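Worksheet for the structure shown next.
The values are calculated or read from the model by the stated rules, or taken from the named source; none is laboratory data. Given the structure is predicted, the values throughout are model-derived calculations rather than measurements. All Cβ positions, glycine included, derive from the backbone under ideal geometry; neighbour counts span all protein chains shown. Ligands, DNA and RNA are excluded from the accessible area calculation, which covers all protein heavy atoms including side chains. Shrake-Rupley method; radii C 1.70, N 1.55, O 1.52, S 1.80 Å.
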Amino acid sequence: MPIGIKSYGAYLPKYLLPRDLIAKAWDFPNVPGTKAIAMADEDSITMSVEAGLDCLAGIDPKTVDGIFFASTTQVYTEKDSASLIATVLDMREDIITVDFTDSTKAATTALTRAVDTIKANKDIKSILVVSADTRAPEPSTMWEFGFADGAAALLVAEEDNLPLSIEDYYSISANVTGPWKRANKDKFIRTFEVKMDAKFYVESITKVMAEILKRNNLKPEEIDAAAYYYNNPRMHGRISKIMKFGQGVAQNSLFFQIGDTGTPMPFMLLIAALRRPKDDAKIIMTGYGDGADAILLQVRDKGALRDLGKSRLGLIGHQKSMIITNNYNKFVDFKELLEKDRYIRKSSAVTVWRDTASVYKWYGVKCKNCGTVQYPDLSRSCYVCRADDPFEHVKLLLHGTIFTYTLDHLVGGAYLQTPVPRCVIDLDGGGRVLLNMTEIENPEENVHIGMKVEMTFRKEHEGAEFKNYYWKCRPERGRK
């Protein structure tokens with residue numbers, strides 16, 4: 001039975017930063033385009049949840065047998081992030097979870113290991129591979145023009161009638177001089193010599209792609225799309241010429257529109273290549289970082305791929321709802337690039353663990369007597385019909401309508417000129433919740449009763465020296 005890609009998903013933050021603002025801030029020569037920047041309440045986990053939700057639209061998460069998480073910006077160095085993402089996505093307990101990190105090729109490495117795991121274990125039929133990065137660039141460096149934020153997910157499965165099959169893969173290892181970031185030492189990426197970095201990059205990328213062609217008796221002109229990691233458009237074009245790919249084969253649209261998203265970039269380039277699939281098209285996806293992975297894929301069902309594109313936000317859907325910020329200081333604040341004392345809330349990791357079903361998995365309770373849905377699961381009596389212990393747990397929906405709201409200027413121990421909307425929301429399908437709103441411009445004008453919103457998983461604070469997450473609402477971005 002073939003192994004391949006059953007579904008895909010992606011996530012891009014709300015805001016785009018024009019690169020000319022960076023140039024003006026530091027009196028640098030300008031680099032054209034924009035880059036995606038995550039908000040202060042986003043990190044690699046929250047963005048992975050969003051990409052996972054997009055990928056699993058219309059698919060029961062409890063049918064998936066594992067989740068592999070790939071990132072160079074791990075939230076924890078000793079705690080499994082994949083397990084947290086699986087919990088929020090409401091996956092089963094008896095699944096395999098693994099974190100892949102410390103290299104920008106971690107996503108493609110995780111994908112190949114997912115294939116190996118499915119081949120080796122008859123009880124594992126599908127694995128969600130999700131990748132995200134939120135790298136902080138050192139201010140006043142060229143990294144600032146490139147580093148961007150985002151996430152992507154691929155559902156690898158073994159079954160008939162897959163839209164995209166995985167035909168082969170080939171990997172190499174290379175102990176190169178850079179880039180690097182030392183544990184407990186460096187806050188920002190370091191490099192020894194940019195020219196040497198480029199040399200190792202070109203050698204590794206071309207070597208694995210040439211070998212994957214040789215192993216499968218393919219010529220460059222037989223490749224319909226090449227989705228390989230890059231952080232320099234000139235190097236990207238050079239590789240295309242070395243490989244003798246035809247015009248338009250190498251996917252190069254991301255850097256100037258979104259930026260260098262790091263680990264998830266090969267996945268994003270693949271998703272971009274699938275916008276207009278051709279019958280039996282052959283695609284090479286390549287990740288790079290102290291070596292490289294090349295993965296050969298082939299379109300098996302063009303119609304199914306088109307259906308996926310219509311039922312997922314993917315890249316294009318998110319790009320449609322992105323807006324440009326003309327404030328460089330907002331980027332500095334989002335990335336917490338300024339050293340300052342930050343407000344720390346009181347918190348309890350034990351409470352979060354106890355209330356996981358409500359806080360992370362987004363479950364409420366439904367009264368068996370009158371049908372009322374309540375959230376959270378705190379009371380033993382229905383507040384409508386007053387029946388005792390009448391409840392069953394129900395999964396809450398991630399869309400709703402604002403019932404009422406207030407605008408609060410006091411947030412996190414500080415007074416903000418722009419208030420944060422605190423919204424009471426009637427969820428589609430039942431249930432009423434109180435959530436803060438994020439991704440909102442001019443809330444005094446743009447928030448109103450009856451407004452349609454969707455829920456998004458976000459970072460709240462680091463009380464008790466622990467990462468605390470919860471749900472917020474945002475104006476609709478079109479999630480399916």
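Computed with a 1.4 Å probe over protein heavy atoms only, the accessible area of Glu439 comes to about 10 Å². Beta bridges from DSSP with both residues in the chain: antiparallel share about 80 percent, rounded to the nearest 5.
Inter-label distance, Ile316 to Ala57: 1.2 nm, where each label sits 7 Å from its Cα along the C-beta direction.
Normalising by the residue count of region 95-235, find the relative contact order in percent from Cα pairs under 8 Å and 6+ residues apart. Before the final figure, lay out each step's value.
Working: 109 pairs, mean separation 22.9, N = 141.
Relative contact order, region 95-235: 16 percent.
Heavy atoms of the protein chains alone define the surface here; on that basis the chain has 46 Å² accessible area per residue at 1.4 Å probe size. For region 262-338 versus region 438-457, the inter-centroid distance based on Cα atoms is 27 Å.
Apply 1/(1 + (r/R0)^6) to the Cβ-Cβ distance of Thr177 and Phe403, taking R0 = 45 Å, and write down the FRET efficiency to the nearest 0.05.
The formula returns an efficiency of 0.20 here.
For region 90-167, with all protein chains in place and a probe radius of 1.4 Å, 46% of the accessible heavy-atom surface sits on carbon or sulfur. Hey, what did region 43-149 get for relative contact order, percent, Cα under 8 Å, at least 6 apart? Over region 43-149, the number comes to 35 percent. Please say if region 347-480 is rounded, prolate or oblate, where rounded means a/c under 1.5 for a ≥ b ≥ c the square roots of the C-alpha gyration tensor eigenvalues, and otherwise the choice is prolate for a/b larger than b/c and oblate otherwise? Because a/c hits 1.5 or more and a/b fails to exceed b/c, region 347-480 counts as oblate. Note on Arg474: accessible area approximately 0 square angstrom, rounded to 10, probe 1.4 Å, nucleic acids and ligands left out.
The label-point distance for Gln247 and Ile324, in a model that sets each label 7 Å from Cα toward Cβ, rounds to 2.9 nm. Helices in the chain, meaning DSSP H runs of at least 4 residues, each add -39500 (n - 2.57). Divided by all residues, the mean residue ellipticity at 222 nm is -7500 deg cm²/dmol.
Give me the number: length gained by fully extending Tyr76 to Asp279, i.e. 0.36 nm times residue separation minus the C-alpha to C-alpha distance, one decimal in nm.
Length difference between fully extended and current span is 68.8 nm.
Roughly to the nearest percent, how much of the accessible area of region 314-394 is carbon and sulfur, given a 1.4 Å probe?
After summing per-atom areas, the C and S share lands at 49 percent.
Here the Karplus curve 6.51 cos²θ - 1.76 cosθ + 1.60, taken at θ = phi - 60°, turns the phi angles of region 117-122 into couplings of 5, 5, 5, 8, 10, 5 Hz, with x standing for Gly and Pro. Using C-alpha pairs below 8 Å separated by at least 6 residues, the relative contact order for region 158-259 is 22 percent.
Taking all protein chains as they are arranged and a probe of 1.4 Å, the heavy atoms of Asp94 leave approximately 110 Å² accessible to solvent. Reducing region 28-47 and region 381-430 to their Cα centroids gives an inter-centroid distance of 29 Å.
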